[in-house]
Amino acid sequence: MSDRVSTPGSPAGLTPRIFVISGPGGVGKGTIVDALMRRDPHLRLSRSWTTRSQRPGESDDAYVFTTREAFQVHRDSGGFLEWTEFLGNYYGTPVPDLSAGRDIVLEIEVDGARQVKARHPESILIFILPPSRDEQRRRLEGRGDPDHKVHERLRKAEEEEPVGLALADATLVNDDLTRTVDELVSLIDGYRGR
Ligand code: ADP
Ligand code: 5GP
């Protein structure tokens, strides 16, 4: 394993496992998780709920797109494993069916990751870092985020990274995408083998 990967934690084994992929906006989480799901058919991707609007070109099943009212009703009836308000919108992970056999992947921000770790200490948090703040900015701009969103996400990243690093079982720097996905696949395989 290269020195770009560090694995300070050692989770207890439970089946199925919950793998939490977190990191600041624009680091490449969605891209990495898409590739991961193609590589590993034994993983199941959790589909979050959000109150934000669907982006142009974003697939209908990227999220359950919902209203604040419907989100609150679901939240108050205990329907979420975790939820948070992120830059003005609600996001939440539905309570997963842990009897379904396959390991579960959550792609969520750090406050949600903290909640999942609190409820499921055996879950494994892999925190993704950008190679630099400038590269993160280029990715956000390249994705078409408007200027104010780019600023917001870069500012938010300064808060998120120390929290994520403190919670993480492993960290990965997403410089070369193929290499990052390879490293993530081997990290996950490694945790399964323990
Ligand atoms: P996140 O889900 O973390 O907000 P995305 O997956 O939307 O980030 O990625 C942000 C942008 O960066 C996208 O345009 C994506 O294609 C690009 N990207 C992702 N990983 C890399 C990489 N390793 N090198 C260069 N660009 C990348
Ligand atoms: P976006 O609006 O860019 O799709 O997502 C904004 C942030 O919310 C990203 O960091 C994403 O990982 C995170 N996110 C997506 N779904 C959830 C969720 O269910 N819970 C939490 N806590 N964060 C989420």
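Report, by residue number, each residue of region 63-82 that is part of a loop (DSSP other than H, G, I, E, B) and either touching a Lys or Arg at 6+ places or on another chain (Cβ under 8 Å) or basic (Lys, Arg) (or both).
Result: Tyr63, single match.
Given the conditions (1) at pLDDT below 95; (2) surrounded by 12 or more Cβ atoms within 10 Å (Cβ to Cβ); (3) within 13 Å of ligand 2 (Cβ to nearest atom), report the number of the one that Arg192 does not fulfil.
(3)
Within region 33-46, is there a residue that is in contact with a strand residue (DSSP E or B) (Cβ under 7 Å, 6 or more places away or on another chain), closer than 18 Å to Ile124 by Cα, more than 8 Å from ligand 2 (Cβ to nearest atom) and in a loop (DSSP other than H, G, I, E, B)?
yes
Of all residues in region 47-85, which are crowded, with 17+ Cβ neighbours inside 10 Å, within 16 Å of ligand 1 (Cβ to nearest atom) and in contact (Cβ under 8 Å) with a residue 40 or more places away in the chain?
Ser48, Thr50
The values are calculated or read from the model by the stated rules, or taken from the named source; none is laboratory data. All values reported here derive from a predicted model rather than from experimental measurement. Note: ideal-geometry Cβ built from the backbone for every residue, glycine included; neighbour counts use all protein chains shown.
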